[in-house]
Amino acid sequence: MATDAPPPSSAERVLPSTEEFTAVQESAEFRELRRSHRSFAFPLTVAFIAWYLVYVLLSNYAGGFMGTKLFGNVNVALVLGLAQFLTTFLIAWWYSRHAAAELDPKAEAIKSRMEGGA
């Protein structure tokens, strides 16, 4: 964004050593960050893949059901197909909110401490 301050030059930035990266990776704070991410992302990923596979299986093996007209020329398959797009956008929005509220502050704290800002 144009309103953000320019990043510090390489002369101002203190880069952590390999040992510092390893120490942070083994810290309880980093484990909590990973746990927060995984406990949100993994179940949602599994649920979405299952939902998608149900849609594909219904399309292949339940043609009569999927062809059921709901109103006009709109059938069950069309509604469920559009619901795939809707759930994709909802999950992306939900993850964005989760990341901004839960993950980003924890990651920023770790980053600033590693760069010597804290």
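Of all the numbered requirements in (1) outside any helix (DSSP H, G or I); (2) surrounded by 12 or more Cβ atoms within 10 Å (Cβ to Cβ), residue 107 misses one, and that requirement is (1). When the stretch 54-97 is limited to residues that are in a helix (DSSP H, G or I) and over 29 Å from the mean Cα position of the chain (by Cα), the one that is surrounded by the most Cβ atoms within 10 Å (Cβ to Cβ) turns out to be 66.
Can you find a residue in the stretch 23-42 that is of a type in the set (Ser, Thr, Tyr) and touching an Asp or Glu at 6+ places or on another chain (Cβ under 7 Å)? For the stretch 23-42, residues of a type in the set (Ser, Thr, Tyr) and touching an Asp or Glu at 6+ places or on another chain (Cβ under 7 Å): present.
One residue alone among 19, 32 is at pLDDT 90 or above, charged (D, E, K, R) and assigned to a helix (DSSP H, G or I), and that residue is 32.
The values are calculated or read from the model by the stated rules, or taken from the named source; none is laboratory data. Just so it is clear, the structure is predicted and the values come from calculations on it, not from any experiment. Cβ sites come from the backbone with ideal geometry, for glycine too, and all protein chains shown count toward neighbours.
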